[in-house]
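The values are calculated or read from the model by the stated rules, or taken from the named source; none is laboratory data. These numbers come from a predicted model, not from an experiment. When we count neighbours, we look across all protein chains shown, and the Cβ atoms used for this are built from the backbone with ideal geometry, even at glycine. The area values use the complete protein model at the heavy-atom level, side chains included, leaving out ligands, DNA and RNA. Shrake-Rupley method; radii C 1.70, N 1.55, O 1.52, S 1.80 Å.
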Amino acid sequence: WTLFSSIDGLPQMCTEGLHAVAPSLPSAVTTSKVDEKNCDETHFMPLTLQLSLCTANIASMYNGPWGHAGKTAYLKQQFLAMRLLFLGIQESRTPETFSSAEGVLRIGAGHAAGGLYGVELWANLLVPYGYIGQQALYFKRADFQVLHRDPRILLVRVDTEYVHLALLVGYAPQSGLPHDTRSAWWEQLSQIASLKGAQDHLFVFIDANADPGECDHRHVLTSGFKHTPN
């Protein structure tokens with residue numbers, strides 16, 4: 001046995017049996033008590049959110065015979081000047097896009113045949129969506145994921161370490177179309193909205209093509225509006 005090791009294997013024999021001595025234990029270590037108050041202050045800080053949202057039917061960007069030259073740049077200037085975080089656009093009539101420039105992320109669902117419809121979502125990457133203490137939090141392009149897109153509906157998920165959002169941009173059919181057509185679209189909108197994550201907060205940017213109806217004393221312009229089929 002000594003050819004390989006002199007300490008491994010069975011203990012040496014003695015008159016009373018095997019000579020097994022007590023092992024050497026490690027020296028005692030004094031542990032310090034965790035300061036729970038200090039731990040909370042270090043690892044748990046309040047998150048202050050500041051979300052600003054806007055929706056608008058822009059009656060076409062500049063695209064072929066529609067719109068006006070420079071309209072996209074003008075809207076972007078307004079969007080940045082007002083320091084809005086999100087903008088939902090209906091009737092953009094623009095091709096499909098996922099691009100960022102000058103701090104604005106632009107996600108377009110694309111137009112229908114003939115250049116009609118089209119919805120877009122703009123996100124401001126230069127404005128903080130919240131603060132942790134003095135640390136400002138900004139959205140990044142990688143935070144956005146398109147869950148659905150078609151010329152009338154765009155659903156985008158925004159996933160960060162701190163917030164989980166679902167942003168739905170919609171352009172409803174006008175009230176003059178057949179009831180079945182309009183009903184099917186609203187049903188589709190509900191199904192698409194259900195694609196969001198269970199913990200996602202849903203925000204809807206929509207041109208519903210519907211007058212709000214009588215006053216409900218909860219919103220601005222309390223004199224009320226007329227009713228329409230939608």
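Would you work out if region 145-223 is rounded, prolate or oblate? Take a ≥ b ≥ c from the square roots of the eigenvalues of the alpha-carbon gyration tensor; rounded if a/c is under 1.5, else prolate when a/b is larger than b/c, oblate otherwise. Since a/c reaches 1.5 but b/c is at least a/b, the shape of region 145-223 is classed as oblate. Spacing of the modelled spin labels on Phe225 and Gln135, each 7 Å from Cα toward Cβ, amounts to 4.3 nm. If a paramagnetic tag sat 7 Å from the Cα of His148 along the Cα-Cβ line, which residues of region 186-230 would have the backbone N under 19 Å from that point? Residues 186-209 qualify, since their backbone N sits under 19 Å from the label point.
Where does the charge balance sit around Leu189 when Lys and Arg score +1, Asp and Glu -1, over other residues with C-beta under 14 Å from its C-beta? Don't jump to the answer; show the numbers that get you there.
Working: positive: Arg149, Arg152, Arg182, Lys196; negative: Asp150, Glu187, Asp207.
Cβ neighbours under 14 Å give a net charge of +1.
For the chain, rounded, prolate or oblate, judged on the Cα gyration tensor with a ≥ b ≥ c (square roots of eigenvalues), a/c < 1.5 rounded, else prolate if a/b > b/c? Prolate, because a/c is 1.5 or more and a/b exceeds b/c. Only beta bridges with both residues in the chain are counted; by DSSP, about 75 percent of them are antiparallel. Each residue, Leu49 and His201, gets one label point 7 Å from its Cα in the Cβ direction; the gap between the two is 0.1 nm.
Name the chymotrypsin sites (Phe, Trp or Tyr not before Pro) in region 65-137 that are in a loop by DSSP and that have at most 16 other C-beta atoms within 10 Å, would you? List each step's numbers first, then the result.
Working: sites: Trp66, Tyr74, Phe79, Phe86, Phe98, Tyr117, Trp122, Tyr129, Tyr131; in loops: Tyr117, Tyr129.
Loop-located and lightly packed - none at all.
Residues in the chain average 66 Å² of solvent-accessible surface per residue, probe 1.4 Å, ligands and nucleic acids excluded. Solvent-accessible area assigned to carbon and sulfur over the chain amounts to 55 percent, based on a 1.4 Å probe. Of the trypsin sites (Lys or Arg not before Pro) in region 147-230, the ones in a loop by DSSP (not H, G, I, E or B) with at most 13 other beta carbons within 10 Å are Arg218, Lys226.
Arg152: net charge of surrounding residues, Cβ under 11 Å, Lys/Arg +1, Asp/Glu -1, itself excluded? Intermediate values should be presented prior to the final figure.
On the way: positive: Arg149; negative: Glu91, Asp150, Asp207.
So the environment of Arg152 carries a net charge of -2.
With a cut-off of at most 14 other beta carbons within 10 Å, and DSSP calling the residue loop, which GluC sites (Glu not before Pro) in region 150-230 qualify? Please list them. All intermediate terms of the calculation are to be shown ahead of the outcome.
Working: sites: Glu161, Glu187, Glu214; in loops: Glu161, Glu214.
Within region 150-230, the qualifying GluC sites (Glu not before Pro) (loop, at most 14 other Cβ atoms within 10 Å) are Glu161, Glu214.
The modelled label-to-label distance for the pair Trp186/Lys71, using points 7 Å beyond Cα in the direction of Cβ, is 2.9 nm.
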